[in-house]
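> Okay, handing you the structure first.
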Amino acid sequence: MFYKLKLIDAADGRIELNDDDGKKRLTDVKFCLKQDTNLASERASDLRCLIDISGVIDDEEVQTQTRLMLEWSQETRDLKKVYKHLTLEVWNGNDDLARRYELDNVYCVDYSEFFGGEGDNKGKFELKLTQKKGNIGSIKFASN
């Protein structure tokens, strides 16, 4: 399984990480649509989209892209940079697209980096995203 991630903002800022060259940069992806309320007895109309993306920091390309993620996570004022268009693809093999997600108005909720102890020469990162309220109907899904 491999992943392709692309985030583009209105100011043409880009963050891209791809595994399609055989190098494993992204390790886990979680896509979740969830109710904002705790009402278990009825379906709420207020849904949220949550996306968690994890990977390894082990080469110059990933270091560059995760630095851009870190800078993005600090952005709060310039709305052209805060909200991005996300394209995320999950592939089972070279020609087998398991899922493609496209979302507008995605922003960074949390960004973390982890660096281990002795013998661990790889860092890890975790990017948590959500979508601006009122955009849930614009999510596009595709698969083979």
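The values are calculated or read from the model by the stated rules, or taken from the named source; none is laboratory data. Because the structure is a prediction, the values reported are computed rather than measured. FYI the Cβ positions are ideal-geometry reconstructions off the backbone, even for glycines, and counts take in every protein chain you see. Calculation scope for accessible area: heavy atoms of the full protein, side chains included, ligands and nucleic acids excluded. Shrake-Rupley method; radii C 1.70, N 1.55, O 1.52, S 1.80 Å.
> At 1.4 Å probe size, with no ligands or nucleic acids counted, give the accessible surface of Arg14 in Å², nearest ten.
Near enough 110 Å² of accessible area.
> If you place +1 on the Cβ of every Lys and Arg and -1 on the Cβ of every Asp and Glu, how big does the dipole about the Cα centre of segment 52-95 come out, in debye to the nearest 20?
So the dipole magnitude of segment 52-95 works out to roughly 420 debye.
> Hey, what did the chain get for relative contact order, percent, Cα under 8 Å, at least 6 apart? The partial results should precede the final answer.
Numbers: 304 pairs, mean separation 37.0, N = 144.
Across the chain, relative contact order equals 26 percent.
> What value, in deg cm²/dmol to 500, does the helix sum -39500 (n - 2.57) over DSSP H runs of n ≥ 4 give at 222 nm once divided by the residues of the chain? If you can, show how the numbers build up before the last one.
Working: 2 runs with 19 residues, N = 144.
Rounded to the nearest 500, it is -4000 deg cm²/dmol.
> Which entry in (1) 49, 37, 28; (2) 50, 39, 32; (3) 71, 27, 26 matches Cα extents along the principal axes in Å derived from the coordinates of this structure?
Correct label is (2).
> Step through the table entries Lys6/Lys128; Lys84/Lys140; Lys6/Lys81; Lys6/Lys122; Lys23/Lys81; Lys6/Lys34, compare each Cα-Cα distance with 25 Å, and write down the pairs that go over it. Walk me through the intermediate numbers first.
On the way: Lys6/Lys128 14 Å; Lys84/Lys140 15 Å; Lys6/Lys81 14 Å; Lys6/Lys122 22 Å; Lys23/Lys81 29 Å; Lys6/Lys34 23 Å.
The pairs that break the limit, which is 25 Å between Cα atoms, are Lys23/Lys81.
> To continue, here is another question. Which residues in segment 99-129 place their backbone N less than 14 Å from a point set 7 Å from the Cα of Ser138 along the Cα-to-Cβ direction?
Output list for this probe position: 102-107.
> What's the magnitude of the charge dipole for the chain around its Cα centre, counting Lys and Arg as +1 and Asp and Glu as -1 at the beta-carbon? Answer in Debye, nearest 20.
Details: 23 positive and 28 negative charges, 126 e Å.
For the chain, the charge dipole is close to 600 debye.
> Would you work out if segment 73-144 is rounded, prolate or oblate? Take a ≥ b ≥ c from the square roots of the eigenvalues of the alpha-carbon gyration tensor; rounded if a/c is under 1.5, else prolate when a/b is larger than b/c, oblate otherwise. Working shown, then result.
Details: a/c = 3.24, a/b = 1.14, b/c = 2.84.
It is oblate, given that a/c is not under 1.5 and a/b is not larger than b/c.
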